[in-house]
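A.B. asks: Dumping the structure here so I can ask a few things about it.
The values are calculated or read from the model by the stated rules, or taken from the named source; none is laboratory data. The structure presented is a predicted model; accordingly, all values stated were derived computationally and were not measured. Reconstructed Cβ throughout: ideal geometry from the backbone, glycine too, with neighbour counts over all protein chains shown. Each accessible area value is taken on the protein alone, full model and side chains, heavy atoms only, with ligands, DNA and RNA left out. Shrake-Rupley method; radii C 1.70, N 1.55, O 1.52, S 1.80 Å.
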Amino acid sequence: MMAFFAALNAMCDRMLPAFTVALGLPPDYFAPYFANEAHANLRFLHYPPRGTVDDNSFGQAPHTDNSFMTARARTEVPGLAVRLPSGEWFAPPIIPGTFLINLGNIMRRFSNDRFLSTPHGVINESGTDRYSIAYFYSPDPDAVIECVPTCTGVDNPPRYPPAIYRDLVLEFYRANFFTKRVTAPTLQRASRGRWRSP
């Protein structure tokens, strides 16, 4: 499992220069943001078959990821759809031997909305179980996320204030997963660079 995790991380590391060059930055611009203890998560997802599907049925409701990018490994069972800028929902084709890459909210902040996070959701209407693997690739928790210099100017001010990535993660989880009766834990750095609740 660790080898698979490391391979996914290396793949995402190799993709960083393509994004920086597309933004008119030096190829290694984003590397320091992922150099120490990048915030990476691997999730194994299971969507059981649905009996009846109505307009309010979701295996995973529409959302964006709070990552820099998310790499998805998928099986042949359909269900994933992404929302295009037009508002239309599109089922990306499954290409054997490839990963689907979704951009997340952190890339949106870095690029001042030049690159948008990808709204997506899942409805499993296949009649069989659906599985996928999602690898969420994000910067170090202590990294300051702010608009890159090539994406702002006199006529295009930054749309987001600078923020520490750890704070953005907590804000995202409080807004999307915790109820008013549950407070998100405060994260502190423990020994050996890991995160823990106080």
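A.B. asks: Suppose all protein chains stay in the model; what accessible area per residue would a 1.4 Å probe give for the stretch 66-120, in Å²?
C.D. replies: Accessible surface, normalised per residue, equals 46 Å².
A.B. asks: Once the other residues with Cβ under 14 Å from the Cβ of residue 73 are scored (Lys, Arg +1; Asp, Glu -1), what is the net sum?
C.D. replies: Here the count lands on +3.
A.B. asks: Decide, for the stretch 70-115, between rounded, prolate and oblate: order the square roots of the alpha carbon gyration tensor eigenvalues as a ≥ b ≥ c, take rounded if a/c falls under 1.5, and otherwise choose prolate if a/b is larger than b/c, else oblate.
C.D. replies: It is oblate, given that a/c is not under 1.5 and a/b is not larger than b/c.
A.B. asks: Determine how large the accessible area of residue 113 is when every protein chain is in place; take a 1.4 Å probe and give Å² rounded to the nearest 10.
C.D. replies: Surface open to solvent at residue 113 totals about 40 Å².
A.B. asks: Based on the alpha carbons, how large is the Rg to Rh ratio for the stretch 9-156 when Rh follows Kirkwood?
C.D. replies: Result: Rg/Rh = 1.01.
A.B. asks: Let me ask something additional. If you rank 63, 120 by how much accessible surface each has, with a 1.4 Å probe, what is the order from largest down?
C.D. replies: From most exposed to least exposed: 63, 120.
A.B. asks: What order do you get for 99-111, 17-29 when each peptide is scored by the mean count of other beta carbon atoms within 10 Å, highest first?
C.D. replies: Highest-to-lowest ranking by the protection proxy: 99-111, 17-29.
A.B. asks: Under 4 °C and 1.567 mPa s, how fast does the stretch 97-163 diffuse according to Stokes-Einstein, given a Kirkwood radius computed over C-alpha pairs? Answer in µm²/s, whole number.
C.D. replies: D, rounded to a whole number, is 89 µm²/s.
A.B. asks: FRET efficiency for residue 163 and residue 113, Cβ-Cβ distance as r, R0 = 22 Å, nearest 0.05?
C.D. replies: Efficiency at R0 = 22 Å is approximately 0.90.
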